[in-house]
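The values are calculated or read from the model by the stated rules, or taken from the named source; none is laboratory data. All values reported here derive from a predicted model rather than from experimental measurement. Cβ coordinates were reconstructed from backbone atoms using ideal geometry, including for glycine residues, and neighbour counts include every protein chain displayed.
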Amino acid sequence: MSRTGWILCGAATAAAVSLAMWLLLGHRHTGEEEELHAWMHANLNLTEAQNAALDPLEKAFAERRSKLRQAIDEAAARLGSALLKGELHSPEAEGALDQMDRAQADLRRATLEHFFAMKGQLDPEQSAKLLEWVAASISPDGHRR
């Protein structure tokens, strides 16, 4: 294979690995919001007042989450384009990776802040159950209680 062929093969491999990492890490919890919502209603016996108090928190978080996911998607697209040029450690690739890392960290932080905002609307028993669910959801085995 020619040198150009090896470079293109390497770039394609790097792009594929990057995409796989992005899919596994960047969007690992797709659907988790729906899972949490169903879990809360099944396990916390929320009152109408609590549902009313949680609704604006959910709407605000949905907007914030959407913006952060858009930032992750944009950084991933930049990274993919940079990797297609055949260099993993180019300034363009490094910058896009840094941007994606920051956006993913911001999304994780926003999600945890959201859980604690919701916790403030719950009674102590409900709060404890929610914190158990959150801790279990981020554990390596992903076990849900």
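List of remarks:
- Across the range 40-54, the qualifying residues are those that are assigned to a helix (DSSP H, G or I) and surrounded by 13 or more Cβ atoms within 10 Å (Cβ to Cβ), and the one among them that is modelled with the lowest pLDDT is M40.
- The lone exception for H89 - which of (1) part of a loop (DSSP other than H, G, I, E, B); (2) closer than 30 Å to L46 by Cβ it fails: (2)
- Residues within the range 62-75 that are over 13 Å from the mean Cα position of the chain (by Cα) and either within 18 Å of M118 (Cβ to Cβ) or buried (at least 17 other Cβ atoms within 10 Å of the Cβ) (or both), tallied: 2
- Filtering L79, L57, L130 for residues that are in a helix (DSSP H, G or I), of a type outside the set (D, E, K, R), touching a residue at least 40 places away in the same chain (Cβ under 8 Å) and surrounded by fewer than 16 Cβ atoms within 10 Å (Cβ to Cβ) leaves a single hit, L57.
- Top-ranked residue in the range 89-127 [being surrounded by 16 or more Cβ atoms within 10 Å (Cβ to Cβ) and over 23 Å from the mean Cα position of the chain (by Cα); ranked as farthest from A53 (Cα to Cα)]: Q126
- Residue that is nearest to L68 (Cα to Cα), among those in the range 92-127 that are part of a helix (DSSP H, G or I) and acidic (D, E): D106
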